[in-house]
Amino acid sequence: MSRSSWPLAPMSAPFRVLTGALLLLPAGFAAGGLLGDGPAWAAGLGMAVLLGGIYAVVWLFWRPTRFELEGDALKIVWPLRSWRLPLRIVDEIEVMDAKTFRSRVRWAVRVGAGGLWGGFGWLATGAGWVRFYVSRSDGLVLLTLAGQAPLLISPEDPEGFAAAVRGPSPHRP
């Protein structure tokens with residue numbers, strides 16, 4: 001039986017370092033709030049709660065946990081939502097690294113979450129919009145979609161994932 005589920009790839013070193021630093025921020029604000037008094041106390045604890053809330057939203061709604069093949073669809077799964085993408089609209093699938101991706105799109109500006117556990121959301125690029133859910137800068141999988149913005153993801157085992165999406169079915173790229 002062929003594999004049908006790939007977790008989001010482990011974070012690359014830059015994302016691990018940035019995530020570690022970002023996770024220290026709420027603790028720092030909370031400590032500052034607890035050590036302060038009056039407005040400093042409320043501001044510190046308020047910032048810790050605000051950042052904790054933002055981090056929870058990124059984890060639950062923006063950072064996918066896995067990519068699944070379900071019959072004729074690719075399913076992207078988050079802790080509290082999922083998105084089914086019909087495989088018939090996948091025109092092309094390609095494995096690449098960040099350098100190759102940048103050479104294609106020329107420039108990119110992130111619109112969404114970035115740095116905390118990876119990069120998730122949208123990229124405005126020199127070649128148009130790209131939806132992206134990545135946790136590293138190598139082993140990226142770019143799916144060119146009919147009628148939609150391309151999708152850039154980083155599943156564990158990108159080559160195996162791409163081969164499974166291509167599969168033996170005539171409707172797959």
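Here the chain is treated with +1 on each Lys and Arg Cβ and -1 on each Asp and Glu Cβ, and its dipole about the Cα centre works out to around 240 debye. Sequence-ordered 3J(HN,Hα) estimates for region 15-21 from the Karplus curve with 6.51, -1.76 and 1.60 and θ = phi - 60° stand at 5, 5, 5, 5, 4, x, 5 Hz, glycine and proline given as x.
If you bin all the Cα-Cα distances of the chain at 5 Å, starting from zero, the percentages per bin are 2, 8, 15, 19, 17, 13, 9, 6, 5, 3, 2, 1, 0, 0. All C-alpha to C-alpha distances of region 101-173, sorted into 10 Å bins beginning at zero, yield P(r) values of 19, 49, 27, 4 percent in whole numbers. Converting phi to 3J(HN,Hα) with the Karplus coefficients 6.51, -1.76 and 1.60 and the offset θ = phi - 60°, region 27-37 yields 5, x, 5, 5, 4, x, x, 5, 7, x, 9 Hz in sequence order, with x at every glycine or proline. Label 7 Å along Cα→Cβ of LEU25; region 116-133 residues with amide nitrogen under 17 Å? The answer is 116-121. Here the scattering of region 46-95 is modelled by Debye summation over its C-alpha atoms, one equal scatterer each and no solvent; at q = 0.13, 0.28 Å⁻¹ the log10 of I(q)/I(0) is -0.44, -1.00. Positive end of the dipole of the chain, charges at C-beta (+1 Lys, Arg; -1 Asp, Glu), about the Cα centre: which of ALA146, LEU123, TRP78 has its Cα farthest in that direction? Value computed over the given set: ALA146.
With R₀ set to 41 Å, the beta-carbon distance separating ARG110 from TRP41 gives a calculated FRET efficiency near 0.75. Please name which of LEU22, LEU50, SER5 has its Cα lying farthest along the dipole of region 1-100 towards the positive end, using unit charges on Cβ (Lys, Arg +1; Asp, Glu -1) and the Cα centre as origin. Among LEU22, LEU50, SER5, the one farthest towards the positive end of the dipole of region 1-100 is SER5.
The mean sequence separation of alpha-carbon pairs under 8 Å and at least six residues apart, normalised by the residue count of region 86-173, gives a relative contact order of 32 percent. A full extension of the chain between ARG166 and ASP138 corresponds to an added length of 8.1 nm, given 0.36 nm per residue minus the alpha carbon distance.
Pairs of Cα atoms under 8 Å, at least six residues apart: use those to get the relative contact order of the chain, whole percent. Relative contact order comes out at 24 percent.
Bear in mind these aren't lab numbers, they're just calculated from the coordinates by the rules spelled out. Small disclaimer: the values here were computed from a predicted structure and weren't measured. Quick reminder, even Gly has a Cβ in these numbers, built from the backbone with ideal geometry, and neighbours come from all protein chains shown.
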